[in-house]
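Below you'll find the structure, written out as structure tokens, and then a few comments.
The values are calculated or read from the model by the stated rules, or taken from the named source; none is laboratory data. None of these values were measured; they are calculated from a predicted model. Every residue, glycine as well, gets a Cβ built from its backbone with ideal geometry; the counts of neighbours run over all protein chains shown.
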Amino acid sequence: MGRFMTHDGLAQGIFNSDFCSGTGSFTAWEQILTNNDEILSLLVERLSHDYSATSAKMRKAYKGQDIEAYQRRCATWVAAKAQFRSTYPHQFVEQEMPNLEKSFILRHADNDLDHLLEETVPPLALDRLGIFRAVMAKHRKKAAEEEKTLADERTAELLETANLKHAEQQLTSDLEAVQTWLDQRDEHAERQGGLDMQFLAARYSKGKKAVSEFADSRNRAVVFDTGCIEAHTDLLAYQAKACGKKTDPHLGQVERYTILILDATVWPNVRLILNSLMLALTGERQHAC
């Protein structure tokens, strides 16, 4: 079985708690590249995983410089995780962190971590790490969608409020219009009622006058001393003309119509009444049958 690491890896003290790989060109990263318990634990995990993942025939013992490169990657990864946790919402971090940890163990971030340390200086820029760029883009998209949703909800709320206000104004306007119509209807009904009463009064007066004139032209009569009622001669002339007869208004009682109102139920007896009637009609006393 091949060796896991060489003696120089141990002799350099890389697994000491106070070891710092921030020397030479990495001096700017000194604070980040100083060991702590989390870095050491992750370093051992990475060395073990990569050694086991390598084919048995391809395995080589880790040298000091190899272990130091792993320490720098692990330390930078721990710093990147800390910055990610402090920058993004807790729920989002907990949701994405398992995939990020898995990607680091599978060496997906090694090249980016090496370039970050070689080409930049603190503070650490997460967007220089490819696996974080994808997560950050996802968060921006999600944040934009949430912001759009909130904006839509605010717009919908404002629109609902505006619609409600408009509906209230419309209802108030409709109620005022209805009240105005009711008032106008009452005024119109009152005015129309007065006009109707005037029309009926005028119609009644006109009708009464027409009836009076008709009655005068049809039923004018005089009462004789004999108690009989005789129509006027002008009515007789009109009736004679209507019947096609030639009548002289001065002929007196010739072809005259007489309206008789008799009550034969009381004294004097019927014969006396009839005799008086015949006398009034002919001027001669005759015996009534």
Taking Q31 as meeting all but one of (1) of a type outside the set (D, E, K, R); (2) farther than 21 Å from R107 by Cβ; (3) touching a residue at least 24 places away in the same chain (Cβ under 8 Å); (4) assigned to a helix (DSSP H, G or I), write down the number of the exception.
(4)
Flagged in the stretch 1-27 as assigned to a loop (DSSP other than H, G, I, E, B), out of contact with any Gly (no Cβ under 9 Å at 6 or more places or on another chain) and under 19 Å from D37 (Cβ atoms), in numbering order, are G13, N16, S17, D18, S21, G22
Every residue from the stretch 117-156 that is more than 30 Å from T23 (Cβ to Cβ), of a type in the set (K, R) and surrounded by 14 or more Cβ atoms within 10 Å (Cβ to Cβ)
none
Which one of these is at positive phi and at pLDDT 90 or above: R72, R107?
R107
Checked the stretch 22-62 for anything within 19 Å of D114 (Cα to Cα) and polar (S, T, N, Q); matches are T23, S25, T27, Q31, T34, N35
From the options D50, D114, residue that is acidic (D, E) and under 18 Å from G22 (Cα atoms)
D114
Determine if the stretch 55-64 includes at least one residue that is surrounded by 12 or more Cβ atoms within 10 Å (Cβ to Cβ) and either within 60 Å of the chain's Cα centre (by Cα) or assigned to a helix (DSSP H, G or I) (or both).
yes
